Amino acid sequence: EVKYRSAGTLEFLVDASGKFYFLEMNTRLQVEHPVTELVTGTDLVHAQLSLALDSHAFPLEKLGPPRGHAIEVRIYAEDPSQGFMPTPGKVEKLRWPTGTRIRVKSGIEEGQTVGTNFDSMLAKLVVFAPTREQAVARMRFALDETVILGMGTNQSYLRALANDPGFLFADEPTG
């Protein structure tokens, strides 16, 4: 209807009966775009740039069908036990997970001071696997392999969530 042609984001809510409700349209990629890239096998940044250069360069209608499961979590310098209050500090030790189908998006490095003047997000971990159960297991591994010392983070909260049976079965968490 609006004749928009590019890589952007449409957001919906789905009720218990499976009915979709439109929320908004963003004419840009959202920070969660790696999840879509992993389940469709399409580099959305490349697609968006190709479309900007030539409107017929990339047929977005030809995105691959969704396959597998991708999960993204955000690691913050925050203390969940204190209402997610920021926990500034110096990054004393930093180790990211390695392995297939694990993406880390971060801008921090050892020795850097993380203050309270900006968003407290330290990193995004994105994992992909053929099944939801395998994706959750891979996320657990990625969270366990991630080491950020020198400040508090929400990793314990994310680990608890990833171990919650409700999360594993894509239901409401029980804890």
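Figure legend. Inter-residue proximity from the stretch 90-110: first residues more than 23 Å from VAL31 (Cβ to Cβ), second residues among the polar types (S, T, N, Q) and open to solvent by 50 Å² or more (accessible area, probe 1.4 Å), beta-carbon distance below 6 Å, spacing 6+ or different chains. Indicated pairs: LYS90/THR113. Among the residues of the stretch 120-127, are any small (Gly, Ala, Ser), open to solvent by less than 90 Å² (accessible area, probe 1.4 Å) and within 13 Å of ILE75 (Cβ to Cβ)? Looking through the stretch 120-127, at least one residue is small (Gly, Ala, Ser), open to solvent by less than 90 Å² (accessible area, probe 1.4 Å) and within 13 Å of ILE75 (Cβ to Cβ). Give just the number: which of (1) open to solvent by 50 Å² or more (accessible area, probe 1.4 Å); (2) within 24 Å of ALA137 (Cβ to Cβ) does VAL73 not satisfy? For VAL73, the failing item is (1).
Run down ARG101, ARG140 and say which single residue is surrounded by fewer than 19 Cβ atoms within 10 Å (Cβ to Cβ), closer than 30 Å to ASP15 by Cα and among the charged types (D, E, K, R).
Checking each option against the conditions leaves just ARG140.
From the list ALA135, ALA162, the lone residue that is in contact (Cβ under 8 Å) with a residue 12 or more places away in the chain and either surrounded by fewer than 13 Cβ atoms within 10 Å (Cβ to Cβ) or touching a Gly at 6+ places or on another chain (Cβ under 8 Å) (or both) is ALA135. One residue is enough: does the stretch 46-68 have a residue meeting the conditions open to solvent by less than 50 Å² (accessible area, probe 1.4 Å) and on the phi > 0 side of the Ramachandran plot? Within the stretch 46-68, one or more residues are open to solvent by less than 50 Å² (accessible area, probe 1.4 Å) and on the phi > 0 side of the Ramachandran plot. Apart from one condition, TYR157 fits all of (1) open to solvent by less than 10 Å² (accessible area, probe 1.4 Å); (2) farther than 13 Å from TRP96 by Cβ; (3) touching a Pro at 6+ places or on another chain (Cβ under 8 Å); the exception is (1).
The values are calculated or read from the model by the stated rules, or taken from the named source; none is laboratory data. Predicted model, so just to flag it, every value in this text is computed and none were measured. Cβ: placed from backbone, ideal geometry, glycine included. Neighbour counts: every protein chain shown. Side chains are part of the model used for accessible areas, which takes the heavy atoms of the whole protein and leaves out ligands, DNA and RNA. Shrake-Rupley method; radii C 1.70, N 1.55, O 1.52, S 1.80 Å.
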